[in-house]
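> Supplied in structure tokens, the structure appears directly below.
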Amino acid sequence: VTYGGGGYLVPRGDTLLVGATSEEAGFENETSLAGLAALRHIAARVVPSLSAALVVDHWAGLRPMSLDGHPILGPDPDSPALVYACGLSRNGILFAPWAAARLAEVLVGDQTDVLLPFRIDRPSLAGSPA
């Protein structure tokens, strides 16, 4: 993986993966012309000869996050058997080990105060759909 130009490049066989963009798009998971242009600019800034490269594929994915931008982690106050681990947006892969360790503590019965700011019933989510 090469980082630079505002993104990253990953060689995959005879192709090159260029990433990534982030747009406020609701539940639309389609690539945009602006997003594709941004990726082409990233590639060209890192390797100028890529400015004329052929785009062979592109995709878009959703990065779910809560309304306040913070993850939702921990047991549901009304149904404690339901445990949340969601809303991490693009940082899910980065925070997964930490979140899993904290949730494992909850699942074996060790309540941890460290998850209090991430509860589903926190004031910053009041009135929003879960």
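> Name the pairs: first residue in the stretch 18-46 and farther than 13 Å from Gly5 by Cα, second residue not in a loop (DSSP other than H, G, I, E, B), Cβ to Cβ under 7 Å, at least 6 apart or on different chains?
Within 7 Å, the pairs are Ser22/Arg90; Glu23/Gly35.
> Let me ask something else about it. Which residues, counting only those in the stretch 99-123, are among the aliphatic types (A, V, I, L, M) and part of a helix (DSSP H, G or I)?
Ala99, Ala100, Ala101, Leu103, Ala104, Val106, Leu107, Val114, Leu115, Leu116
> A follow-up question, please. What do you reckon, is Ile93 surrounded by 14 or more Cβ atoms within 10 Å (Cβ to Cβ) and of a type in the set (Val, Ile, Thr)?
No; evaluated as a whole, the condition is false for this residue.
> Exactly one condition in (1) under 21 Å from Ile120 (Cβ atoms); (2) touching a residue at least 12 places away in the same chain (Cβ under 8 Å) is not met by Val56; state its number.
Against the list (1) under 21 Å from Ile120 (Cβ atoms); (2) touching a residue at least 12 places away in the same chain (Cβ under 8 Å), Val56 comes up short only on (1).
> Scan (1) touching a Ser or Thr at 6+ places or on another chain (Cβ under 8 Å); (2) open to solvent by less than 70 Å² (accessible area, probe 1.4 Å); (3) closer than 25 Å to Thr2 by Cβ for the single condition Val106 breaks and write down its number.
Of (1) touching a Ser or Thr at 6+ places or on another chain (Cβ under 8 Å); (2) open to solvent by less than 70 Å² (accessible area, probe 1.4 Å); (3) closer than 25 Å to Thr2 by Cβ, only one is false for Val106: (3).
> Name every residue in the stretch 109-122 that is open to solvent by 50 Å² or more (accessible area, probe 1.4 Å) and under 24 Å from the mean Cα position of the chain (by Cα), in order of residue number.
Val114, Leu116, Pro117, Arg119, Asp121
> Can you name the strands (runs of 3 or more DSSP E) wholly within the stretch 2-56 that have at least 1 residues being within 20 Å of the chain's Cα centre (by Cα) and surrounded by 14 or more Cβ atoms within 10 Å (Cβ to Cβ)?
7-12, 15-19
> Pick from the stretch 57-77 the residues that are touching a Ser or Thr at 6+ places or on another chain (Cβ under 6 Å) and assigned to a loop (DSSP other than H, G, I, E, B): which of them is most open to solvent (accessible area, probe 1.4 Å)?
So the residue we want is Leu67.
> Also: Return the residue satisfying two criteria in turn: it lies in the stretch 78-90 and is at pLDDT below 90 and either among the polar types (S, T, N, Q) or part of a helix (DSSP H, G or I) (or both), and of such residues it is surrounded by the fewest Cβ atoms within 10 Å (Cβ to Cβ).
Taking the candidates together, the pick is Arg90.
> Sort out which residues of the stretch 1-47 are within 26 Å of Leu67 (Cα to Cα) and charged (D, E, K, R), and write them in order of number.
Glu23, Glu24, Glu28, Glu30, listed by residue number.
The values are calculated or read from the model by the stated rules, or taken from the named source; none is laboratory data. Small disclaimer: the values here were computed from a predicted structure and weren't measured. No Cβ is skipped: glycine too gets one built from the backbone with ideal geometry, and neighbour counts run over all protein chains shown. Ligands, DNA and RNA are stripped out before the accessible areas are found, and what is left, the full protein with its side chains, is counted by its heavy atoms. Shrake-Rupley method; radii C 1.70, N 1.55, O 1.52, S 1.80 Å.
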